[in-house]
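The structure appears below as structure tokens.
The values are calculated or read from the model by the stated rules, or taken from the named source; none is laboratory data. These numbers come from a predicted model, not from an experiment. Note that we place each Cβ from the backbone using ideal geometry, even for glycine, and neighbour counts take in every protein chain shown.
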Amino acid sequence: IPMHFPLAIGLARTIEEFSIPTIARHHDFWWERDRYNKSQMFPFFEKWFPPKLEKMTHTVINSLAQKSLFEKTAIEAPVISDTFDFENESQGILDSYAKHFRNDFGLTENDIVFLQATRIVPRKRIELSIELISKLNIQSAVLVVSGTEGDEQKGYFKKLQSLAKEKNIRCKFIGERVNSQRKIVGGKRIYNLWDCYLNCDFVTYPTEMEGFGNQFVETMYFEKPIILTPYPVYDADIKPLGFEVIEMGEKITDEVAGKVNELIANESKRKEMVERNFEIAKTNFSYRVVENKINGILRSY
């Protein structure tokens with residue numbers, strides 16, 4: 001995306017002049033954004049975003065982007081999707097710090113915690129998670145939203161708060177106490193995102209659009225059942241791998257609520273589901289998979 005013209009040109013010229021082997025990983029392209037499609041700078045964009053250089057290998061995060069890049073530029077790019085360190089099991093252990101999580105947020109061991117591990121922005125469609133909790137009609141069900149309000153649309157957070165109150169569900173917005181690093185601030189524990197996963201029972205992911213799906217991959221690592229709305233990249237790259245998930249539409253049906261309630265009541269089925277999902281994810285989204293792909297690119301130089 002052409003956010004910094006001088007930097008982009010400077011990098012490209014430096015790579016070309018000194019023949020520096022380079023791997024570029026692209027998440028978005030300028031032709032996917034309306035504001036750039038209205039620009040008069042198309043020749044400039046086409047030359048530099050991305051540049052076609054002998055020593056530069058372009059990679060993308062999903063097969064839809066791979067196809068789009070080739071159609072637009074004739075550049076062939078391997079897919080390197082979102083990944084996680086599946087070989088490292090230590091992050092999946094509930095340690096002494098993480099064990100304080102439920103008590104700190106007024107949750108009990110008997111509560112059924114549904115985690116929405118996203119920012120609070122409209123395209124994450126958190127209102128569907130609220131509707132789901134309401135539809136379940138279980139007093140012990142709690143929605144925990146770990147993200148903070150984004151800058152895409154002000155007022156969305158307040159709408160969610162009002163909806164949760166209207167639906168009379170338990171909903172906790174804890175983003176102010178979730179950080180990349182654990183720490184104590186003002187006598188209160190600040191948790192990282194992994195602590196949130198460790199202390200939840202289900203993950204809700206009713207997103208409208210994703211480049212790939214970090215939350216999906218993280219959920220597979222932490223072995224939690226996921227309830228999601230299918231989005232284009234999920235349909236193209238994730239669903240065909242055979243994960244077992246609960247899919248929902250833009251309206252929460254009795255069928256979806258029934259499937260969730262069935263999983264709540266059947267611990268052995270949950271365990272079988274998440275363990276199988278973990279193995280599928282490890283096979284496709286582990287650091288080792290990425291390492292092999294990158295080594296293949298490096299050998300080509």
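As an exercise: evaluate D254 against (1) over 17 Å from L128 (Cβ atoms); (2) assigned by TED's automatic domain parsing to the domain that holds L128; (3) charged (D, E, K, R) and give the number of the one condition it does not meet.
Looking at each condition in turn, D254 falls short on (1).
Just the residues that are out of contact with any helix residue (DSSP H, G or I) (no Cβ under 6 Å at 6 or more places or on another chain) and either closer than 21 Å to V121 by Cα or of a type in the set (V, I, T) (or both), please, taken from segment 166-177.
Hits for segment 166-177 are E166, R170, K172, F173, I174, G175, E176, R177.
Checking the conditions here, which among K293, K269, K239 is in contact (Cβ under 8 Å) with a residue 12 or more places away in the chain, farther than 27 Å from V178 by Cα and of a type in the set (K, R)?
Every option except K293 fails the conditions.
Can you tell me which residue is farthest from A281 (Cα to Cα) among those in segment 51-92 that are part of a loop (DSSP other than H, G, I, E, B) and of a type in the set (D, E)?
Across segment 51-92, the extreme among qualifying residues is E54.
Determine which member of the set V256, V274, V290, V203 is on the phi < 0 side of the Ramachandran plot and within 15 Å of the chain's Cα centre (by Cα).
Selected residue: V203, the only one of V256, V274, V290, V203 that is on the phi < 0 side of the Ramachandran plot and within 15 Å of the chain's Cα centre (by Cα).
For segment 218-230: of the residues being in a loop (DSSP other than H, G, I, E, B) and at negative phi, which is surrounded by the fewest Cβ atoms within 10 Å (Cβ to Cβ)?
Within segment 218-230, the match that is surrounded by the fewest Cβ atoms within 10 Å (Cβ to Cβ) is P230.
Would segment 157-169 turn up any residue that is out of contact with any strand residue (DSSP E or B) (no Cβ under 6 Å at 6 or more places or on another chain) and β-branched (V, I, T)?
Yes.
Please work out which one of (1) under 17 Å from I133 (Cβ atoms); (2) in a helix (DSSP H, G or I); (3) touching a Phe, Trp or Tyr at 6+ places or on another chain (Cβ under 9 Å) is the condition K259 fails and give its number.
Exception for K259: condition (3).
Given the criteria over 21 Å from I80 (Cα atoms) and either at pLDDT below 95 or in a helix (DSSP H, G or I) (or both), does Y301 qualify?
No.
From the residues in segment 93-144 that are in a helix (DSSP H, G or I) and polar (S, T, N, Q), which one is nearest to D195 (Cα to Cα)?
Ranking the candidates gives N103 first.
Yes/no per residue for (1) within 17 Å of I252 (Cβ to Cβ); (2) among the aromatic types (F, W, Y):
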site: R123; (1), (2): no, no
site: E127; (1), (2): yes, no
site: Q139; (1), (2): no, no
site: G147; (1), (2): no, no
site: F157; (1), (2): no, yes
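Output the residue which, of all residues in segment 160-217 that are in contact (Cβ under 8 Å) with a residue 60 or more places away in the chain and among the polar types (S, T, N, Q), is surrounded by the fewest Cβ atoms within 10 Å (Cβ to Cβ).
Across segment 160-217, the extreme among qualifying residues is N214.
How about segment 67-120: which of its residues are acidic (D, E) and surrounded by 17 or more Cβ atoms within 10 Å (Cβ to Cβ)?
D82, D111
Would it be correct to say that F157 is in contact (Cβ under 8 Å) with a residue 12 or more places away in the chain, among the aromatic types (F, W, Y) and in contact with an Asp or Glu (Cβ under 7 Å, 6 or more places away or on another chain)?
Criteria met by F157.
To keep it simple, each residue is scored yes or no on (1) assigned by TED's automatic domain parsing to the domain that holds I190; (2) free of Cβ contacts under 8 Å to residues at least 40 places away in the same chain.
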position: K47; (1), (2): no, yes
position: K55; (1), (2): no, no
position: S68; (1), (2): no, yes
position: P78; (1), (2): no, no
position: A98; (1), (2): yes, no
position: F114; (1), (2): yes, no
position: L128; (1), (2): yes, no
position: Q139; (1), (2): yes, yes
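Could you say whether any residue in segment 250-272 is buried (at least 20 other Cβ atoms within 10 Å of the Cβ) and closer than 26 Å to T83 by Cβ?
no
Test of understanding: among E250, E244, which residue is acidic (D, E), in a loop (DSSP other than H, G, I, E, B) and modelled with pLDDT under 95?
After ruling out the rest, the residue left standing is E250.
For segment 131-159: of the residues being loosely packed, with under 15 Cβ neighbours inside 10 Å and within 19 Å of V256 (Cβ to Cβ), which is modelled with the highest pLDDT?
Filtering first and then ranking leaves S140.
When the residues of segment 1-41 are filtered to those that are modelled with pLDDT of 90 or more and among the acidic types (D, E), which remaining residue is surrounded by the fewest Cβ atoms within 10 Å (Cβ to Cβ)?
If we take residues in segment 1-41 being modelled with pLDDT of 90 or more and among the acidic types (D, E), then E17 is surrounded by the fewest Cβ atoms within 10 Å (Cβ to Cβ).
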